[in-house]
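Right, one structure below, let's go through it.
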Amino acid sequence: MGKYSVEYLPIAIEDLNEIFNYIATDDQGAAVTFINEIDTAILQLEDFPEMGATPKIGRLAKKGYKMLVVDEYLVLYVLFGDTVEIRRIISGKRNYAKLL
């Protein structure tokens, strides 16, 4: 099977910017490194879109959500044909069910 394309919803891009800014207040280099780590994990979805776990929250699972865990952050996404749509990138400490 060919590669999938990865697309970010605007709110997911905002999430990345917030994560970067939060970490950069203490250490800009660490912020760059961590955003690169998230990006590397997301790029793996081009070849392995099913690699994410199914959320335990039934409502999200029924909607087809998958999630990657990167450190303490969750990358929440859905598949549409040959497209991986990144919906949110949030701290695992947050109640992510209310954000979706």
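The values are calculated or read from the model by the stated rules, or taken from the named source; none is laboratory data. This is a predicted model, so every value here is computed, not measured. So basically every Cβ, Gly included, is an ideal-geometry build from the backbone, and we count neighbours across all protein chains shown.
Give the residues of the range 8-28 that are within 11 Å of the chain's Cα centre (by Cα) and not hydrophobic (A, V, I, L, M, F, W, C), sorted by residue number.
Tyr8, Asp15
Hey, any hits in the range 46-69 for a residue that's in a strand (DSSP E or B) and surrounded by fewer than 16 Cβ atoms within 10 Å (Cβ to Cβ)? Show your work before the answer.
Taking the range 46-69 first, the residues in a strand (DSSP E or B) are 53, 66-69.
Okay, now just the ones that are also surrounded by fewer than 16 Cβ atoms within 10 Å (Cβ to Cβ), so 53, 69.
Yes, the range 46-69 contains at least one residue that is in a strand (DSSP E or B) and surrounded by fewer than 16 Cβ atoms within 10 Å (Cβ to Cβ).
For the range 1-12, give me each residue that is of a type outside the set (D, E, K, R) and surrounded by 12 or more Cβ atoms within 10 Å (Cβ to Cβ). Walk me through how you get there before you give the answer.
Taking the range 1-12 first, the residues of a type outside the set (D, E, K, R) are 1-2, 4-6, 8-12.
Tyr4, Ser5, Val6, Tyr8, Leu9, Ile11, Ala12 - these are the residues of the range 1-12 that are of a type outside the set (D, E, K, R) and surrounded by 12 or more Cβ atoms within 10 Å (Cβ to Cβ).
Mind telling me which of the residues Ile13, Ile38, Ile19 ends up being in a helix (DSSP H, G or I), touching a strand residue (DSSP E or B) at 6+ places or on another chain (Cβ under 6 Å) and of a type in the set (Val, Ile, Thr)? Full working, then the answer.
Numbers: Ile13 fails: touching a strand residue (DSSP E or B) at 6+ places or on another chain (Cβ under 6 Å); Ile19 fails: touching a strand residue (DSSP E or B) at 6+ places or on another chain (Cβ under 6 Å).
Checking each option against the conditions leaves just Ile38.
Exactly one of these conditions fails for Ser91: (1) at pLDDT 95 or above; (2) within 12 Å of the chain's Cα centre (by Cα). Give me its number.
Every listed condition holds for Ser91 apart from (1).
What do you reckon, is Tyr65 of a type in the set (Phe, Trp, Tyr) and closer than 14 Å to Glu85 by Cα? Give the derivation first.
On the way: of a type in the set (Phe, Trp, Tyr): yes; closer than 14 Å to Glu85 by Cα: yes.
Yes; evaluated as a whole, the condition is true for this residue.
Can you confirm whether the range 75-82 contains a residue that is outside any helix (DSSP H, G or I) and of a type in the set (Asp, Glu)?
Pass one, the range 75-82, residues outside any helix (DSSP H, G or I): 75-82.
Then keep just the ones that are of a type in the set (Asp, Glu); that gives 82.
Among the residues of the range 75-82, at least one is outside any helix (DSSP H, G or I) and of a type in the set (Asp, Glu), which makes the answer yes.
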